[in-house]
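What follows draws every value from the coordinates through simple rules; no lab data is involved. What you see is a predicted model; the values in this text were computed from it and never measured. Don't worry about glycine lacking a Cβ; one is built from the backbone with ideal geometry, like all the others, and counts go over all protein chains shown.
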């Protein structure tokens, strides 16, 4: 299945990419599967997406967690804690 | 309800007026305006650039306002958030809440700001004499938002 992944703010700059399409096996996964795959790319991915790195996620424009289900065609966003207001 | 995310400035007075114009049931309007400061973490700030996640921003603000309307008795709500490049003295955010009485208006206004600060996908980058840097999230903002979860619906303090 294919999932569109977006990066914002500091993470977009660190990774040097705004968005990409990631291919995952099967037709249903948890958001954690994407994080695992990205961490395997090495630095800076591994450090910025470490368990204690404090990044946030949204699946289909709603705040999500590692166990949030992800299916083909979904949009997953990965970003630092928000600082608006 | 009015939710607006744009680069353009807003008129706080006009926004407040429109929350009660022709609405005789409104007995109270509480509002908050957030502004760009010229200092942060001890450094001079000359610019503030706001990035957001366009597909999610308005939806997240709408969800926050919906939750406030479920908690308090509100007659109307306006949330305006600017994006793009701002500078000190500029307005960033407006939250206005109209209600029958002041208690609900005050509480809902603070709740919306606390949730906006921790849940709406905006990120600030500030320009200082040392260069540009991303503003770090504050633990005090998380604590401010959490107290609404611990407390009963009508009594946040």
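How far is helix B:54-71 tilted off the main Cα axis of chain B, in degrees rounded to 10, range 0 to 90? Taking the Cα atoms of chain B, the angle to B:54-71 is about 40 degrees.
Computed from Cα atoms, the angle from the helix B:139-150 axis to the main principal axis of chain B rounds to 20 degrees.
Quick note on the protein assembly as shown: its Rg to Rh ratio, both from C-alpha atoms and Rh being the Kirkwood radius, is 1.00.
For B:25, A:14, the sequence from fewest to most other C-beta atoms within 10 Å is B:25, A:14. For chain A, the average shadow cast by the Cα convex hull is 5.2 nm², which is a quarter of the hull's surface.
With a Förster radius of 30 Å applied to the C-beta separation of residue A:40 and residue B:132, the computed FRET efficiency comes to 0.45. I need the shape label for segment B:1-133. Rule: rounded when a/c is under 1.5, else prolate if a/b > b/c, else oblate, with a, b, c from the alpha carbon gyration tensor. Judged from the Cα gyration tensor, segment B:1-133 comes out prolate (a/c at least 1.5, a/b above b/c).
Highest GNM mean-square fluctuation among B:15, B:143, B:110, for chain B modelled with Cα contacts below 10 Å: B:143. Report for segment B:78-157 the percent antiparallel among DSSP-assigned beta bridges with both residues inside it, nearest 5. Of all bridge pairs located within segment B:78-157, approximately 100 percent are antiparallel.
Put a dot 7 Å past the Cα of residue B:101, heading toward its Cβ, do the same for residue B:12, and the two dots end up 2.7 nm apart. Spin-label model, residue B:33/residue A:2: points 7 Å from Cα along the beta carbon direction are separated by 4.8 nm. For chain B, the longest principal axis of the Cα atoms and the long axis of helix B:102-119 meet at an angle of about 40 degrees. Modelled label-to-label distance, residue A:72 and residue B:140, 7 Å Cα→beta-carbon offset: nm? Computed distance between label sites residue A:72 and residue B:140 equals 5.0 nm.
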